[in-house]
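Q: Sharing a structure with you now.
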Amino acid sequence: MALITCDNITLSYDSRPIISDLSFVVSQGDYLCILGENGAGKSTLMKGILGLLKPTSGEIKYGDELVQSEIGYLPQQSDIQRDFPASVSEVVSSGCLNKCGIFPFLKKTQKETVKKNMDFLGITELSHKCYQDLSGGQQQRVLLARALCAAGKLIVLDEPVAGLDPVATNELYALIKTLNKKYNISVIMVSHDINGAINNATHILHLEHNDMFYGTVKEYITGEFSKKFLNINGGNNK
Amino acid sequence: MNIFSLMMSYPFMMRAVVVGILVSLCASMLGVCLVLRKLSMIGDGLSHVGFGALAIASVLGFSPLEITIPIVIAAAFLLLKLTESSKIKGDSAIAIISTGALALGVMIISVSGNGNADLNSYLFGSILAMSNTDMILSVVLSVVVLILFNVFYNKIFAVTFDEEFARATGINTELFNILIAVLTAVTIVIGMRMMGAMLISSLIIFPAISSMRIFKTFKPVTICSAILSVICFMIGITLSYIYATPTGASIVLVNIAALLIFFIIGKILKK
Ligand SMILES: Nc1ncnc2c1ncn2[C@@H]1O[C@H](COP(=O)(O)OP(=O)(O)OP(=O)(O)O)[C@@H](O)[C@H]1O
Ligand SMILES: [Mg+2]
C-alpha cells in the first residue's frame, strides 16, 4: 500500500471548493513536487495531506504504517506569527517533541538531532538569538531545521527555497535528495522552481485553476501539459 | 521588615500571602501562553463565570471552591470551543457568556438579601474571604497547576508557537488546549476570592505583557513573568496593609507601574 492515497478529494474553505476531485498517490521513497500558480491551492492541499483540513468529499488515507508523528512539516512562511518571543534553539527543539510520546522532555539523542540539523543549516551561531529578529532567509532555515527534526518517514515542505540565497538553495536541494535517497524519506514539496523540481523529483503534481497534471517527471517533460511552463522558464528539456 | 513580620502575624494575612504567591506564579506563567495565543479574553470571561458560580454557591450554602471549580472548568471548555470555531463570533460569544454570568451573579446576590458587602467582596476581592480549608485546597491545586505547567512546558511552547505544525507532526494539540484551559480555570477560581472577579485577569495579562517589553525569547519571558508577578503581589499586598487600601486594586496598580517601568527600559534597551 502507498504511504499516502488521495482518493477523489475536494478541499474547501467555507464551502468554497479550492481543489476538486483530485487523486494521486505517494509511495515510500517518492519525491513529489507540487507546482502551480499563486492561489492554485497548493498550500491548501498540504493542509489536507497533513490532516489540518478535512476533505469535504473523498478520502486521504495513510498507509505503510505512516503515523502523524513521523511527518516533518515546513509551513509557508506567511503562516507563522511574527512577533513571538522565541529563540532559535527553542523553535528547532520543538520539532523533536513528536518523538517523545508522553515523555515531556527531550532525550539526549534528540538533543543531538537538534544540534546536527542546526549545524547543517548553518544556524548554530544564531541559536540564542530571537526568532523574530532574524532575516527572512534565516527564519526559513530555522523552520527547515525544525521540519528536519520532526521528519521520520515523510517530509512535507511548502516552498522551502523561498527566501534562500542561491548557495543555500543548492545545498537544500542536495540535502533533500540525500534524505530521500539515503534515508528513504518520502518528500512532498511545493515549489515555484520548475527546473529544480524537474531535476530532483520523481513525480510532479501540477495544479492550475481549471486543469491539472499528475505523473512521473518523465511523463511531465514529454507530455503536452508542461509545454507552456517549460518554455517560460527557458526550457530544460532539450 | 518590621511591618512585614507584623503583617504576617495575622493568620488571615498569612493565608492571603501564601495563596497569593502561588496564584501569582500560576497566573503569570499561564498568562504568557494565553497572551501569545490571543486568548487573554478567556481569562476575563472565566472570572465572570466564576463570579456567577460563587454567587450560586453562597446562596445555596455550599463551600465556594468545590462548586465554582467544576462550573468554571466547564465554561473553559465551552469558551475554548467557541474561539476555535470562529475568531470573530467567538469574541462576541465570550462577551455574551461573561456579561450574562455577571448579571446572573449580581441578581442572585441582591435577591438573596446578603447585601452590598458580599457583592463588593466578590467583585473586588477580600483577603478575609479565605478559610483554612480554602487555603489548603488552594495550595494543593496551585501546586498541581505549577507542576503540570512545568512538566509540559516544552509541549505548551510548541503548541503556543505554531499549533498547526504541532498538530501536523503528531502532537495532541487538543489535549494541551484542554490542559491550558483547565489550569487557567483552576487558577482563576483560586485567585478570584482575593483579587475579585473584576480584577483577577490582570494577574494573567500584566506580567506577561511587561516581560515581553524586555525579553525576546520564551523561557526568559516566562521566568521574568513569574518573578515579576510575585514581586508585584508582595508590594501590592504590603501597601494595602499599610495604607488600608483594597488588596486587589493595589496589586493591579503595582502591576501597572511595573508595566510602565518595563516599557521604558525596553525602549532604552532598543536604542
Ligand atoms: N484560511 C483560508 N480561508 C479561506 N480561504 C482561503 C484560506 N487560505 C487560502 N484560501 C484561499 O484558497 C485559495 C488557495 O490558497 P493556497 O494558499 O492554497 O494557494 P497556493 O497555491 O499555496 O498559493 P501560493 O503560491 O501563493 O502559496 C486562494 O484563493 C485563497 O484565497
Ligand atoms: Mg502556498
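Q: The conditions are (1) within 16 Å of ligand 2 (Cβ to nearest atom); (2) out of contact with any strand residue (DSSP E or B) (no Cβ under 8 Å at 6 or more places or on another chain); (3) farther than 30 Å from B:Leu36 by Cβ; (4) not basic (Lys, Arg), and A:Gln77 fails exactly one of them. Which is it?
A: Of the numbered conditions (1) within 16 Å of ligand 2 (Cβ to nearest atom); (2) out of contact with any strand residue (DSSP E or B) (no Cβ under 8 Å at 6 or more places or on another chain); (3) farther than 30 Å from B:Leu36 by Cβ; (4) not basic (Lys, Arg), the odd one out for A:Gln77 is (3).
Q: So, one more: In the range A:197-207, how many are away from ligand 2 (no atom under 15 Å from the Cβ), in contact with a Leu (Cβ under 8 Å, 6 or more places away or on another chain) and of a type outside the set (A, V, I, L, M)?
A: Here the count works out to 2.
Q: Now for a separate question. Quick check on my filter: what residues within the range A:29-43 are crowded, with 17+ Cβ neighbours inside 10 Å and either at pLDDT below 90 or more than 16 Å from ligand 1 (Cβ to nearest atom) (or both)? Show your work before the answer.
A: Let us first name the residues in the range A:29-43 that are crowded, with 17+ Cβ neighbours inside 10 Å, namely A:30-36, A:40-43.
Listed by number, the residues that qualify are A:Asp30, A:Tyr31.
Q: Run A:Gln77 past the list (1) surrounded by fewer than 23 Cβ atoms within 10 Å (Cβ to Cβ); (2) at the interface with chain B (Cβ under 9 Å from one of its Cβ atoms) and report the number of the one that doesn't hold.
A: (2)
Q: While we're looking at this one, here's another question. Can you name the number of the only condition in (1) within 11 Å of chain B (Cβ to nearest Cβ); (2) away from ligand 1 (no atom under 16 Å from the Cβ) that A:Leu143 fails?
A: (2)
Q: Still on this structure, please answer the following. Would you point out which residue out of A:Asp193, A:Asp211 is within 15 Å of the chain's Cα centre (by Cα) and over 29 Å from A:Val67 (Cα atoms)?
A: Exactly one of A:Asp193, A:Asp211 is within 15 Å of the chain's Cα centre (by Cα) and over 29 Å from A:Val67 (Cα atoms), namely A:Asp193.
Q: Additional query: Go through A:Asp83, A:Asp21, A:Asp30 for me and flag whichever is of a type in the set (Asp, Glu), closer than 30 Å to A:Lys129 by Cα and more than 16 Å from ligand 2 (Cβ to nearest atom). Even if it seems obvious, please write down each step before you answer.
A: Working: A:Asp21 fails: closer than 30 Å to A:Lys129 by Cα; A:Asp30 fails: closer than 30 Å to A:Lys129 by Cα.
Sole residue among the options that is of a type in the set (Asp, Glu), closer than 30 Å to A:Lys129 by Cα and more than 16 Å from ligand 2 (Cβ to nearest atom): A:Asp83.
Q: Inspect all residues belonging to the range A:44-66 and state whether any of them is more than 12 Å from every other protein chain (Cβ to nearest Cβ), assigned to a helix (DSSP H, G or I) and either touching a residue at least 60 places away in the same chain (Cβ under 8 Å) or within 16 Å of ligand 1 (Cβ to nearest atom) (or both). Quick ask: steps written out before the conclusion?
A: Step one: list which residues in the range A:44-66 are more than 12 Å from every other protein chain (Cβ to nearest Cβ), which gives A:44-45, A:54-61, A:63-65.
Applying the additional criterion that residues be assigned to a helix (DSSP H, G or I) yields A:44-45.
Subset that is either touching a residue at least 60 places away in the same chain (Cβ under 8 Å) or within 16 Å of ligand 1 (Cβ to nearest atom) (or both): A:44-45.
Yes, the range A:44-66 contains at least one residue that is more than 12 Å from every other protein chain (Cβ to nearest Cβ), assigned to a helix (DSSP H, G or I) and either touching a residue at least 60 places away in the same chain (Cβ under 8 Å) or within 16 Å of ligand 1 (Cβ to nearest atom) (or both).
Q: Which of the residues spanning the range B:13-24 are out of contact with any Gly (no Cβ under 6 Å at 6 or more places or on another chain) and surrounded by 15 or more Cβ atoms within 10 Å (Cβ to Cβ)?
A: Residues satisfying the conditions are B:Met13, B:Arg15, B:Ala16, B:Val17, B:Val18, B:Val19, B:Gly20, B:Ile21, B:Leu22, B:Ser24.
Q: On the basis of being over 21 Å from B:Thr222 (Cβ atoms), in contact (Cβ under 8 Å) with a residue 24 or more places away in the chain and out of contact with any Asp or Glu (no Cβ under 7 Å at 6 or more places or on another chain), does B:Val23 make the cut?
A: Working: over 21 Å from B:Thr222 (Cβ atoms): no; in contact (Cβ under 8 Å) with a residue 24 or more places away in the chain: yes; out of contact with any Asp or Glu (no Cβ under 7 Å at 6 or more places or on another chain): yes.
Criteria not met by B:Val23.
Q: Which one is nearest to the other protein chains (Cβ to nearest Cβ), of the residues in the range A:12-28 that are surrounded by fewer than 16 Cβ atoms within 10 Å (Cβ to Cβ) and within 9 Å of ligand 1 (Cβ to nearest atom)?
A: A:Asp14
Q: Identify, from the list A:Pro104, A:Pro166, the residue that is free of Cβ contacts under 8 Å to residues at least 24 places away in the same chain, within 14 Å of chain B (Cβ to nearest Cβ) and over 15 Å from the mean Cα position of the chain (by Cα). Outline the logic, then answer.
A: On the way: A:Pro166 fails: within 14 Å of chain B (Cβ to nearest Cβ).
Among A:Pro104, A:Pro166, only A:Pro104 is free of Cβ contacts under 8 Å to residues at least 24 places away in the same chain, within 14 Å of chain B (Cβ to nearest Cβ) and over 15 Å from the mean Cα position of the chain (by Cα).
Q: If you check A:Ile9 against the conditions, is it within 13 Å of ligand 2 (Cβ to nearest atom) and either more than 14 Å from chain B (Cβ to nearest Cβ) or in a strand (DSSP E or B) (or both)?
A: In short, no.
Q: Given the criteria surrounded by fewer than 17 Cβ atoms within 10 Å (Cβ to Cβ), out of contact with any Asp or Glu (no Cβ under 8 Å at 6 or more places or on another chain) and in contact (Cβ under 8 Å) with a residue 60 or more places away in the chain, does B:Asn132 qualify?
A: yes
Q: Continuing with this model, one more query. Any residue at all in the range B:60-82 that is within 18 Å of the chain's Cα centre (by Cα), on the phi > 0 side of the Ramachandran plot and at pLDDT below 85?
A: no
Q: Quick one: A:Leu97 ticks every box in (1) crowded, with 21+ Cβ neighbours inside 10 Å; (2) free of Cβ contacts under 8 Å to residues at least 24 places away in the same chain; (3) within 16 Å of ligand 2 (Cβ to nearest atom) bar one, so which box is it?
A: Only one criterion is unmet by A:Leu97, namely (3).
Q: Which of the residues spanning the range A:159-196 are within 16 Å of ligand 2 (Cβ to nearest atom) and either crowded, with 24+ Cβ neighbours inside 10 Å or under 18 Å from A:Leu3 (Cα atoms) (or both)?
A: If the condition is that a residue be within 16 Å of ligand 2 (Cβ to nearest atom) and either crowded, with 24+ Cβ neighbours inside 10 Å or under 18 Å from A:Leu3 (Cα atoms) (or both), then A:Pro160, A:Ile188, A:Met189, A:Val190 are the ones that fit.
The values are calculated or read from the model by the stated rules, or taken from the named source; none is laboratory data. The shown structure was predicted, so the numbers you read here are calculated from the model rather than taken from an experiment. Methodologically, a virtual Cβ is constructed for each residue, glycine included, from the backbone with ideal geometry; neighbour enumeration extends over all protein chains shown.
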